[in-house]
Amino acid sequence: MAAVTARQGWARVGGLVWNARGAALLLIGLLIYGRLADPFGLFIVASALVLSLLALSVDLQWGYAGILNLGPAAYLGLGAYTYAITQRKITAGSPTYLAFALAILFGIVLAVIVAFPAFKARTLPVYYALITLAVALILQRWTAVSYDLTGGSNGLVGIPLPDFSLPGLDLKMTTAEQFFPLASGVVVAAYLACLWLTRSRFGRLLAAIRDDEEKVATLGYDVATTKLIVAAIAGALGALAGALYAPLAGTAHPSLFGIAFSVQTYVWVAVGGQGTLIGPILAAIALKLLENRLRGVSADGYLMLLAAVFMLVVIFLPKGIAGLFDAQAVRDRFRRSRGGPIALAPVLERPLDEPHG
Amino acid sequence: MADPGVVLRTAGLSRHFGGVRAVDSVDLEVRAGHIHCIIGPNGAGKSTLFNVISGMIPATAGRVVFQEETITGKSPQAISRLGLVRSFQTPRVFAAMTVLDHVLLASRERPENGARRREALARVGLLERGDMLAGDLAHGEKKRLELAMALAMRPRLILLDEPTAGMNAHESEAIAGIVREAASTATVVVIEHDIDFVRGIADWVTVLHKGMVLREGTIAEIEQDQEVRRVYLGDIG
């Protein structure tokens, strides 16, 4: 009995390691890149990593729970401004713990304010999508005209890098290169947390809600509250992205709420692979590096290339680039081509109590 | 004084869509432990009645009482938690989830315990299909899976909307066995068109016509009724 339990325990550890292989590979890749790249490269990848948190938040909502939030940038901007204003007005020169905590808190609060009435009233998904878009645009407009608090359309500049100092321990960041390990660590941790969440019983519930909300409600689950939890987690992730982006870029400006950031995030999720978590992170890094290469040549050329990549992926790879490497999908394709479940269907039509063959 | 043997009662239950009275002042009493069949021509309001009882669409008027509690206006999840569960005419399963995960979701068991979901799968004959994706199941098996999900919730009352739709005679017979077995632990209300199937399982039959209750009785009484024969049974054979 003990041997069986031990074996089950090892199997579970093995399963976890296998599931986390994406995180391990990502971490190794980032460690190698951190050693080899120049400061500008580190800055580019660090900003891609930070923004990939927003992509993770979109993937969690869209890829796993079927919630279409067209204004994810609302949380990016909110997090950025919360960090910037807190560091300027409340905790100037002090460690940045409060700024991060407030950003995450406000992200959750905004998500709940937007999602609660919509989900409880069972608003149609398309209306919810429009509400989220409107919220982002309203916040963009508001920050552009609130000069005293947000610096108006110029935004806020000179935002200090994070400072995680503790009494007797100086952990204040002074260069952008020091930001790279922080961004890497946060993204890998967020990825693992999302992976755990989506593989849990809660994740199974999300998948069911994505497929058929009404059916899930008849199973006794509170669909609105479940979706609200997802929106709140996504809000926290998006605001954390903003709180990390503002000090990295050194500025917070109204365009952070803008449609460009929201669209970019959806492109990353679609190209990387909706419902894969790792795909959007890799797409963020790859497309940000590509953007950096091509922008020097032609800014418009990059946008056209991005649009072309997006269209090709949506048409030919609905599960994105990561879908190509999805072991389950490959197995399914193999099984089908060998006459697996599909070919067996006529046989299974017979009642199961009737002996087969 | 309410009859303690009645598990579900509707009083003057109505649902109108504009000028159409899909369900019109329906008074229904379902007795505990019965298999209660609801029959009637297409458009008689049978599925709408289920939708109103299960909270999926609000009633225009009237009320639904389940186990002495008024459930009119409650959400589908609240009604389901009280022990009133339902299946759908077209099986609604989650294509990318395994059979086992379906009953796991319905039973709310921890993955390491498995008694309830194994029992539910065994009762519908799907125990050996546990690892298959629901999307790969045959139509009849999807209907069984819906039944297994309902059973895994340990309900007091199950509403089954045409459990044999799209099945051959042999499969219908198997479903009849499952429904009879399910009735050992729960009251069952079944909407059904297949009159042979109804004959084999029904303790009590209600005939709906144009949203109203036309007749009630045993299947023998219903089959003898001239009015029922005229509006419904005559049509189907």
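Going residue by residue through segment A:66-74, is there one that turns out to be surrounded by fewer than 24 Cβ atoms within 10 Å (Cβ to Cβ) and in contact with an Asp or Glu (Cβ under 8 Å, 6 or more places away or on another chain)? Step through it out loud before you land on a result.
Initial filter on segment A:66-74 (surrounded by fewer than 24 Cβ atoms within 10 Å (Cβ to Cβ)): A:66, A:68, A:70.
Add one more test, that the residue is in contact with an Asp or Glu (Cβ under 8 Å, 6 or more places away or on another chain), and what stays is A:66.
Yes, the conditions are met somewhere in segment A:66-74.
Could you check segment B:113-139 and list, in sequence order, the residues that are surrounded by 18 or more Cβ atoms within 10 Å (Cβ to Cβ) and either more than 24 Å from the chain's Cα centre (by Cα) or not small (Gly, Ala, Ser) (or both)?
B:Arg116, B:Arg117, B:Leu121, B:Arg123, B:Val124, B:Leu126, B:Arg129, B:Met132, B:Leu133, B:Asp136, B:Leu137 - these are the residues of segment B:113-139 that are surrounded by 18 or more Cβ atoms within 10 Å (Cβ to Cβ) and either more than 24 Å from the chain's Cα centre (by Cα) or not small (Gly, Ala, Ser) (or both).
Working carefully through the options A:Leu53, A:Leu49, A:Leu60, A:Leu68, find the one that is closer than 30 Å to A:Leu133 by Cα, at pLDDT 75 or above and outside any helix (DSSP H, G or I). Reasoning before the result, please.
Values: A:Leu53 fails: outside any helix (DSSP H, G or I); A:Leu49 fails: outside any helix (DSSP H, G or I); A:Leu60 fails: outside any helix (DSSP H, G or I).
Checking each option against the conditions leaves just A:Leu68.
Restrict the check to segment A:157-170 and report whether at least one residue is in contact with a Lys or Arg (Cβ under 6 Å, 6 or more places away or on another chain) and in contact (Cβ under 8 Å) with a residue 60 or more places away in the chain.
yes
Could you look through segment B:55-108, keep only residues that are in contact with a His (Cβ under 9 Å, 6 or more places away or on another chain) and away from chain A (no Cβ under 11 Å), and pick out the one that is nearest to A:Ala65 (Cα to Cα)? Walk me through how you get there before you give the answer.
Our first condition is that a residue be in contact with a His (Cβ under 9 Å, 6 or more places away or on another chain); within segment B:55-108, this holds for B:60-61, B:91, B:93-94.
Pick out the ones that are also away from chain A (no Cβ under 11 Å) and you get B:60-61.
Values: B:Thr60: 32, B:Ala61: 35 Å.
Ranking the candidates gives B:Thr60 first.
Of the conditions (1) surrounded by fewer than 18 Cβ atoms within 10 Å (Cβ to Cβ); (2) out of contact with any His (no Cβ under 7 Å at 6 or more places or on another chain); (3) more than 13 Å from every other protein chain (Cβ to nearest Cβ), B:Asp203 satisfies every one except a single condition; which number is it?
(2)
Just to be sure before I move on: is B:Gly83 farther than 26 Å from B:Gly45 by Cα, modelled with pLDDT of 90 or more and out of contact with any helix residue (DSSP H, G or I) (no Cβ under 7 Å at 6 or more places or on another chain) in the structure I sent? Can you show your working first?
Values: farther than 26 Å from B:Gly45 by Cα: no; modelled with pLDDT of 90 or more: yes; out of contact with any helix residue (DSSP H, G or I) (no Cβ under 7 Å at 6 or more places or on another chain): yes.
No, not satisfied.
Of the residues in segment A:196-212, how many are surrounded by fewer than 19 Cβ atoms within 10 Å (Cβ to Cβ) and touching a residue at least 60 places away in the same chain (Cβ under 8 Å)?
Matching residues across segment A:196-212 total 4.
All but one of (1) under 13 Å from the mean Cα position of the chain (by Cα); (2) more than 30 Å from B:Arg129 (Cα to Cα); (3) in a loop (DSSP other than H, G, I, E, B); (4) β-branched (Val, Ile, Thr) hold for B:Thr90; state the number of the condition that does not hold.
Condition (2) is where B:Thr90 drops out.
Before we move on, is B:Met149 within 12 Å of chain A (Cβ to nearest Cβ) and surrounded by 24 or more Cβ atoms within 10 Å (Cβ to Cβ)? Outline the logic, then answer.
Details: within 12 Å of chain A (Cβ to nearest Cβ): yes; surrounded by 24 or more Cβ atoms within 10 Å (Cβ to Cβ): yes.
Answer is yes for this residue.
Filter segment B:53-82 down to residues that are part of a helix (DSSP H, G or I) and in contact (Cβ under 8 Å) with a residue 40 or more places away in the chain and give me whichever is farthest from B:Met212 (Cα to Cα).
B:Ser80
Consider B:Val124 carefully, then state whether it is assigned by TED's automatic domain parsing to the domain that holds B:Thr10 and of a type outside the set (D, E, K, R). Even if it seems obvious, please write down each step before you answer.
Working: assigned by TED's automatic domain parsing to the domain that holds B:Thr10: no; of a type outside the set (D, E, K, R): yes.
When the stated conditions are applied, B:Val124 does not pass them.
May I ask you to list pairs of residues, at least six apart or on different chains, whose Cβ atoms are under 7 Å apart, with the first in segment A:84-106 being under 18 Å from A:Phe179 (Cα atoms) and the second being among the acidic types (Asp, Glu)?
Listed by first residue and then by second, the contacts come to A:Pro95/A:Asp163; A:Thr96/A:Asp163.
Which count do you get for residues in segment B:67-97 that are of a type in the set (S, T, N, Q) and over 18 Å from B:His139 (Cβ atoms)? I'd like the intermediate steps shown before the answer.
So the first thing to find is which residues in segment B:67-97 are of a type in the set (S, T, N, Q), and the list is B:67, B:70, B:72, B:75, B:77, B:80, B:87, B:89-90.
Still in the running and over 18 Å from B:His139 (Cβ atoms): B:67, B:70, B:72, B:75, B:77, B:80.
Of the residues in segment B:67-97, 6 are of a type in the set (S, T, N, Q) and over 18 Å from B:His139 (Cβ atoms).
Given (1) within 12 Å of chain A (Cβ to nearest Cβ); (2) β-branched (Val, Ile, Thr); (3) under 22 Å from B:Gly45 (Cα atoms), where does B:Ile178 come up short, assuming only one miss?
(3)
Of the residues B:Val213, B:Val205, B:Val198, which single one is closer than 30 Å to A:Leu219 by Cα, part of a strand (DSSP E or B) and within 14 Å of the chain's Cα centre (by Cα)?
Residue meeting the stated conditions: B:Val205.
Of all the residues that make up segment B:112-131, how many are facing chain A (nearest Cβ under 10 Å), farther than 15 Å from B:Thr98 by Cβ and without any contact (Cβ under 8 Å) to a residue 24 or more places away in the chain?
Of the residues in segment B:112-131, 1 are facing chain A (nearest Cβ under 10 Å), farther than 15 Å from B:Thr98 by Cβ and without any contact (Cβ under 8 Å) to a residue 24 or more places away in the chain.
The values are calculated or read from the model by the stated rules, or taken from the named source; none is laboratory data. Quantities reported herein were computed from a predicted structural model and do not represent experimental measurements. No Cβ is skipped: glycine too gets one built from the backbone with ideal geometry, and neighbour counts run over all protein chains shown.
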